[in-house]
Every structure is written in C-alpha cells, then in structure tokens.
Amino acid sequence: MITAISGKLISRKKTEIIVENGGIGFSIFVTRKVLDTLPELNRNISVVTYLDVKENSLTLYGFFDEKEREIFKLLNTVSGISSKTAHNILSYIGFEEILNLISGKYLYSSIKIPGIGIKKLEMISMTLKDKLYKISADEEFEIKSEKSIFKADSKEQSRTDSLNALMNLGYIRADAEKMIREILKMYSDTELTTEEIIKKALSV
C-alpha cells in the first residue's frame, strides 16, 4: 500500500497533481485542502495517500493529513459511496465540516455537493455515528460512536460557523471560503470570533 509520496510537484490541475519521485510521475487526485496549500511547481512536497485498487485500475488519492484520509476511509463504508464519491465530497467540504455534519451541527440543506442530496447526507451521518473510530492525530479532533464526542479547536470552529452564516446570507460557498481565508490570513496573529469574521466579511 502506498501511504505517502514525496517528490517534486511537476503538474497541477483542478483536482489532480503529478509528483515526480525517482524519475516516475505519480498522478494523485487530491482534496480541496491539498490544492489550497500547494507550493509553486518544481518545489518538493509530501502527500498522504491512499491507493484504491480495483480490478481494472489503480488510483491514488491524496490528502492533507492522516485525519482527512481516515474520514475518506470512513465515507467509503457508507452504502453507495465509492472511493471517487468519497474523494469528491472532500473536494467540497473539509474534515471539520464532516464532523459537524455527523454531530448534527449542520442543516443538510446548507451543504451543496454535486450528486449528493439530502438523503445521502442523512445516510452518511447515520452510518458514521455508529462507527467505533477515533481520529486524533494531533488531539484536536476526536470521533467516538454512541457518545458522539466531537472536538475541534476554536479557530476551525469559528471558520466553519462563519462559512455557514455567510452561506445562509446568500453567499456562494467558494466566495465565502475565499473571503474567510483572506480575513484569517490578514489577521493571522489574532484569534477572531465567528462574529468578528462575519463583520469583516460583510464590510469587504
């Protein structure tokens, strides 16, 4: 199993990158979070990966960290969710948002993923609540079934809540995410509350 690849980034597309290692170019389908943090071309990178083995194909999926890969594997356990679909979900919503979906903090109607309707989101939430998994690579996030323990650092929670609020106000997800990223980058030395992020976003 190929669990990680390090090498030179030689190509970047909408959902796919190519990393050269030992003279071999590895095609990796990556999540939104990986794309958002990629360096310039010809720089060295390291990507956490999962090799999906099918009868007629081998597909490498790339993730920001081990937590994201674990949530991908969990999504794969949901009936009707293939590896491609699971990875597509992570291209629209991140690890923290999936935790909030499972914990019931999100309205299903607020999550927009092509090909994934409310019934499928309900299935994901119901299935993953019953899984006895724990994801705690850096002890900031934790999943436990039945007791439904979800932990997230306050910064990520504020970011998630701000995104939901802006979308409820009519903003497109991509536009809202861009505004939030720019605000958090501008005030990187300050831990902004949800209210502060929203106010700054609305004043842009």
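Taken together, the values in this text are just the output of simple stated rules run on the coordinates, not laboratory data. Please read all numbers here as calculations on a predicted model, not as lab measurements. Note that we place each Cβ from the backbone using ideal geometry, even for glycine, and neighbour counts take in every protein chain shown.
In table form, for the structure just shown:
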| quantity | calculated |
| --- | --- |
| Förster radius 35 Å - calculated FRET efficiency between Asn44 and Glu196 (Cβ-Cβ, nearest 0.05) | 0.45 |
| Per-residue Cβ neighbour rank within 10 angstrom, fewest leading, Thr31, Thr85, Thr49, Thr190 | Thr190, Thr85, Thr49, Thr31 |
| Net charge of neighbours whose Cβ lies under 12 Å from the Cβ of Phe26, counting Lys and Arg as +1 and Asp and Glu as -1 | -1 |
| Förster radius 35 Å - calculated FRET efficiency between Thr77 and Ser203 (Cβ-Cβ, nearest 0.05) | 0.20 |
| Filtered GluC sites (Glu not before Pro), segment 1-87: DSSP coil and at most 13 other beta carbons within 10 Å | Glu40, Glu55 |
| Under the Karplus curve 6.51 cos²θ - 1.76 cosθ + 1.60, θ = phi - 60°, whole-Hz ³J(HN,Hα) for segment 182-188, x wherever Gly or Pro sits | 5, 5, 5, 5, 5, 10, 4 |
| Overall Cα dimensions of segment 52-105, principal axis frame, Å, largest first | 40, 24, 16 |
| Label point distance in nm, Ser57-Lys14, each placed 7 Å from Cα along Cα→Cβ | 1.6 |
| Directionally averaged shadow of segment 154-202, computed from the convex hull of its alpha-carbon atoms, nm² | 2.8 |
